[in-house]
Amino acid sequence: MAGEEGQSFKVILLGDATVGKTHLVSRYTRGTLPQQPKATIGVEFVTKQVAVAPDVSVRAQIWDTAGQERYKSITQTHYRRAFGALLVYDVTNKASFVNTSKWADDLKQSAEPDVVIVLVGNKADLVENDPSLRAVDTQTAQAFAQKNGFLFFETSAVTGRQVNDCFIALMKQIHQNATAATTQDHGGSGPGVNWGGANRSDRDFIDKYNRELKGGLKLGANDQKKNSGCCGDDD
Ligand SMILES: Nc1nc2c(ncn2[C@@H]2O[C@H](COP(=O)(O)OP(=O)(O)O)[C@@H](O)[C@H]2O)c(=O)[nH]1
Ligand SMILES: [Mg+2]
């Protein structure tokens, strides 16, 4: 299956500010926590080869947000062509869990049709140390995930618990869907899901996104105009 190794899939992180998205990406891709919080605005992705079957690996192109989630001003470009998402909340923060519904709705409107979603309850280390801090029951989250067809994990970017597992589960499911689609559409192989073509336009894609962000965050219909001058100088 060597021919499949070039497959590349964009996946994105979504969720309220401070739930630990950037820490999860760093833990997974570098094995460490971020050195210092990034104040810069702009998009960044990191890539990582992920083994999805004994002889098959795919390239995860992981897009983190850069603070714009604070203003619910994620642009279409962030969602566009995403094959999967980690929908992250903080197990000690009820509102962050409630908001995952909204993030999921936005995602489904703009991502690929069968986008794979993994619901991730992060900061599990906090409730292991002090169960009274838990604001979202595992069972409640699990039931919500099941109802919506999401995979579900509780993670800790600090201890590393379940971090690899949630990314690998995401990539495995994406690969599985892509393989099924290829078989269906092209009798086993073909360009239909060879999404590695992303490479060619990545540069344009990022430039456009950064322009959108720098030119004042492009606010959605429901966003407050007053937020438009944001970013870079807050906390
Ligand atoms: N205890 C604990 N704190 C975490 C964890 N992940 C992130 N944090 C903390 O939560 C804050 C926000 O993390 P960050 O990754 O910047 O969140 P983002 O805004 O979603 O990208 C930081 O102070 C982190 O140290 C975790 O798994 N456990
Ligand atoms: Mg972040």
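A few comments on the model shown:
Residue by residue, here is whether (1) of a type in the set (S, T, N, Q); (2) within 10 Å of ligand 1 (Cβ to nearest atom); (3) under 14 Å from the mean Cα position of the chain (by Cα); (4) farther than 21 Å from Glu154 by Cα holds:
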position: Ile62; (1), (2), (3), (4): no, no, yes, no
position: Ala66; (1), (2), (3), (4): no, yes, yes, yes
position: Thr77; (1), (2), (3), (4): yes, no, yes, yes
position: Arg80; (1), (2), (3), (4): no, no, yes, yes
position: Asp90; (1), (2), (3), (4): no, yes, no, no
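- Unique match (being within 21 Å of Met171 (Cα to Cα), surrounded by fewer than 24 Cβ atoms within 10 Å (Cβ to Cβ) and among the polar types (S, T, N, Q)) among Ser110, Ser101: Ser110
- Residue list for segment 72-96, restricted to those being in a helix (DSSP H, G or I) and surrounded by fewer than 24 Cβ atoms within 10 Å (Cβ to Cβ): Gln76, Thr77, Tyr79, Lys94, Ala95
- Residue match in segment 153-169 (condition: more than 14 Å from ligand 1 (Cβ to nearest atom), in contact with a Gly (Cβ under 6 Å, 6 or more places away or on another chain) and within 15 Å of Val88 (Cα to Cα)): no
- Among residues of segment 1-30 that are closer than 18 Å to Glu112 by Cβ and within 13 Å of ligand 1 (Cβ to nearest atom), those with a beta-carbon under 7 Å from a residue that is of a type in the set (Gly, Ala, Ser) and modelled with pLDDT under 95 at least six positions away or on a different chain give the pairs Ile12/Ala82.
- Tally of residues being assigned to a loop (DSSP other than H, G, I, E, B) and in contact (Cβ under 8 Å) with a residue 12 or more places away in the chain across segment 97-118: 5
The values are calculated or read from the model by the stated rules, or taken from the named source; none is laboratory data. All values derive from a computational prediction rather than experimental measurement. FYI the Cβ positions are ideal-geometry reconstructions off the backbone, even for glycines, and counts take in every protein chain you see.
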